[in-house]
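Since every read-out is calculated from the coordinates, none of them should be taken as a lab result. Note that the structure is predicted; figures quoted are calculated from it, not measured. No Cβ is skipped: glycine too gets one built from the backbone with ideal geometry, and neighbour counts run over all protein chains shown.
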Amino acid sequence: MTGEKKSHGWGILETVLVIVLIAVIIIVVVAIWGQRDLQSLMAGISRQLAEPTATAAPAQAVIPLPTLQPTVVPLMPVHSGGQSDPEAVVASAGLERIKEPWSTPVRCEESFNSRSAWLVCEPGVILDATAAFTIPGTEEPWHINVPEGGFTYFSLGEGVITIDGVALSLPGEEGLNYLVLIRGRIDDTIMDSDLNGTAVVTDFVAGHAIWGIMPPGAYVSHDWFRDQLVVSSTTGGTNCGATGCSRVRIVLFDVDSHFYQMYETHTGDIDNWTLLAEN
């Protein structure tokens, strides 16, 4: 009896030990396997972070840029004096002066009138007899320098002269010629500082319009400019017939300030200018 009980007791202990051993083995296996899965998971995450993800670049919206063009705007004349009004004198956004025009310290000795004396006066520069005018023989746009510290002169029956974003509109009429003077930017006396401008001339009559660059100076000569008025109103030059045009409009423009004036004069009375418009 004693031997049977002892044999039965050892059987229970053996069973318990086996169960404990199996449990330990299971725990160890689970721990090892879990650690491997965790390492694999972390490695996969690291690879995903390290590898660049290819994504499609967002489509860029194409936004058209506005094209800045001078717009012709008709102006009310200051004083018509019973003469025909200009249909369109000058054009630019706002039609305002940028600033007041620069006044030279050189004393004006002789002018047509006090209002135009800022540009046409004695002592002034001239184009001598050897200077060659440009007479464009083709109708495409022509480009001409407006010199820093100097002037550019035009004579034409019609056309549009665009400079520094401002368009001088010169509509053609029977018996009418335009004389235009543009004063370039004021000389800043700085070497390598290029303040030359470019005028673009369009809608003119090829073979008849003329223009030329005048030298630097305080004014355009009163006497020289009067000679050009005589040509337009008597012999005609290239823009009028053999006996000239009965009316001449004078357009004065300052690039620095965008100040402009338009006058009109008549054959036989070229020293008397009627102011049609200014800003």
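Per residue and in Å³, how big is the convex hull formed by the alpha-carbon atoms of segment 90-278? Kindly include the intermediate steps, with their values, before the conclusion.
Numbers: hull volume 22.8 nm³, N = 189.
Expressed per residue, the convex hull around the Cα atoms of segment 90-278 is 121 Å³.
Could you list Met214, Met262 so that the one with the fewest beta carbons within 10 Å of its beta carbon is first and the one with the most is last?
Numbers: Met214 22, Met262 25.
So the ranking, lowest neighbour count to highest, is Met214, Met262.
Which order do Trp102, Trp211, Trp118 fall in if you start with the one that has the fewest other Cβ atoms within 10 Å? Numbers along the way, then the final one.
Numbers: Trp102 13, Trp211 22, Trp118 19.
In order of increasing Cβ crowding within 10 Å: Trp102, Trp118, Trp211.
Specify which residue in the list Val248, Leu119, Trp224 is farthest towards the positive end of the charge dipole of segment 90-278, using unit charges on the beta carbon of Lys, Arg (+1) and Asp, Glu (-1), about the Cα centre.
Val248
Work through the residues other than Gly149 whose Cβ is under 14 Å from its Cβ and net out their charges, Lys, Arg +1 and Asp, Glu -1. Numbers along the way, then the final one.
Working: positive: Arg183, Arg185; negative: Glu148, Asp187, Asp188, Asp194, Asp254, Asp256.
Spelling it out: positives minus negatives among the neighbours equals -4.
Within 10 Å of each residue's Cβ, count the other Cβ atoms and sort Asp227, Asp271 from fewest upward. Mind dumping the intermediate values first?
On the way: Asp227 13, Asp271 10.
Ranked by crowding around the Cβ, least crowded first: Asp271, Asp227.
Quick check for me: using +1 on Lys/Arg Cβ and -1 on Asp/Glu Cβ, what's the dipole size of segment 90-278 about its Cα centre, in debye to the nearest 20?
Values: 9 positive and 26 negative charges, 47 e Å.
Rounded to the nearest 20 debye, it is 220 debye.
In the neighborhood of Ile270, defined by Cβ-to-Cβ distances under 15 Å, what is the net charge if each Lys or Arg adds +1 and each Asp or Glu adds -1?
Values: positive: Arg226, Arg247, Arg249; negative: Glu110, Asp223, Asp227, Glu264, Asp269, Asp271.
Every neighbour counted, the sum reads -3.
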